[in-house]
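A.B. asks: One structure, as structure tokens, below. Some questions next.
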Amino acid sequence: MLTKANTGLVVVDVQGKLATMVDDSEAVIARMASLIQGATLLQLPLLWLEQNPAKLGATVAPLSDVLAPNQPITKYTFDACGAEEFVAAARAAKVANWLVCGIEAHICVYQTCLGLVQFGFSVEVVSDCVASRAAANKELAIQKLLSQGVGVTSLEMCLYELVGDCRAAEFRQMLQLVK
């Protein structure tokens, strides 16, 4: 079970022109922004990744705006666990579970999820907060992740699981994020 005390969020490579080329990009980016706002509201550890930003560009403004004041971790391997800074940050967060969102589902999201599992973390991909240029590649990634022990959740499902109680102080604000 996800709780505020044992869960963090990884945002993978929502950068430059590629972010606008993925399937249903505007809606996916809007849902990712809500997920990031929810994670911030719940004070979850948040790790923000950028793949080779000199070539792919920076994280798109709707997300970089809600990610601030956090700073991105630059990576060059598709699996973020190939970047020592990322692995150190994931371990330093002292959580057992990582939610993962971003692009592309079948490349960097997929490989990062499996890398986190190999490091002993429990991982859930947020299915409506990941995308690929082709919808079929996203679906394939989710199927393969499931077969490798990665869980699947959604924006609304994980936020409600994390809040856990309609009396929680964050509940009213969380409602605004999923409406």
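A.B. asks: Kindly provide the set of residues from segment 47-81 that are touching a Ser or Thr at 6+ places or on another chain (Cβ under 8 Å) and either closer than 19 Å to Val178 by Cα or without any contact (Cβ under 8 Å) to a residue 12 or more places away in the chain (or both), ordered by number.
C.D. replies: If the condition is that a residue be touching a Ser or Thr at 6+ places or on another chain (Cβ under 8 Å) and either closer than 19 Å to Val178 by Cα or without any contact (Cβ under 8 Å) to a residue 12 or more places away in the chain (or both), then Val66, Leu67 are the ones that fit.
A.B. asks: Find the residue count for segment 103-139, including only residues that are part of a helix (DSSP H, G or I) and among the aliphatic types (A, V, I, L, M).
C.D. replies: 8
A.B. asks: Right, here's the next one. Tell me whether segment 91-98 contains one or more residues that are part of a strand (DSSP E or B) and in contact (Cβ under 8 Å) with a residue 60 or more places away in the chain.
C.D. replies: yes
A.B. asks: Just name the residue that is surrounded by the fewest Cβ atoms within 10 Å (Cβ to Cβ) out of those in segment 30-80 that are under 14 Å from Cys129 (Cα atoms) and among the aliphatic types (A, V, I, L, M).
C.D. replies: That would be Ala30.
A.B. asks: Is segment 49-68 home to any residue that is aliphatic (A, V, I, L, M) and in contact with a Pro (Cβ under 6 Å, 6 or more places away or on another chain)?
C.D. replies: no
Quick grid of which residues meet (1) closer than 16 Å to Ala39 by Cβ; (2) at pLDDT 95 or above:
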{"site": "Glu84", "(1), (2)": "no, yes"}
{"site": "Val100", "(1), (2)": "yes, yes"}
{"site": "Cys113", "(1), (2)": "no, yes"}
{"site": "Lys138", "(1), (2)": "no, yes"}
{"site": "Ile142", "(1), (2)": "no, yes"}
{"site": "Leu145", "(1), (2)": "no, yes"}
{"site": "Cys166", "(1), (2)": "no, no"}
{"site": "Gln173", "(1), (2)": "yes, no"}
{"site": "Val178", "(1), (2)": "yes, no"}
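A.B. asks: Assuming Glu26 fulfils every condition listed in (1) within 25 Å of Leu175 (Cβ to Cβ); (2) buried (at least 22 other Cβ atoms within 10 Å of the Cβ); (3) not hydrophobic (A, V, I, L, M, F, W, C) apart from one, which condition is it?
C.D. replies: (2)
A.B. asks: Could you grab me the full set of residues in segment 34-81 that are part of a helix (DSSP H, G or I) and of a type in the set (Asp, Glu)?
C.D. replies: Residue satisfying the conditions is Asp65 alone.
A.B. asks: From the list Asp128, Asp165, which residue is crowded, with 16+ Cβ neighbours inside 10 Å and acidic (Asp, Glu)?
C.D. replies: Residue meeting the stated conditions: Asp128.
A.B. asks: Oh, and also: Can you tell me which residues in segment 115-160 are on the phi < 0 side of the Ramachandran plot and free of Cβ contacts under 8 Å to residues at least 24 places away in the same chain?
C.D. replies: Matches in segment 115-160: Ala136, Glu139, Gln143, Leu146, Ser147, Glu156, Met157, Tyr160.
A.B. asks: So, in segment 4-20, of the ones that are in contact with a strand residue (DSSP E or B) (Cβ under 9 Å, 6 or more places away or on another chain) and assigned to a helix (DSSP H, G or I), which residue ends up farthest from Ser64 (Cα to Cα)?
C.D. replies: The extreme case among them is Leu18.
The values are calculated or read from the model by the stated rules, or taken from the named source; none is laboratory data. From a predicted model like this one, the values you see are computed outputs, not experimental measurements. Every residue, glycine among them, receives a Cβ derived from its backbone with ideal geometry; neighbour counts consider all protein chains shown.
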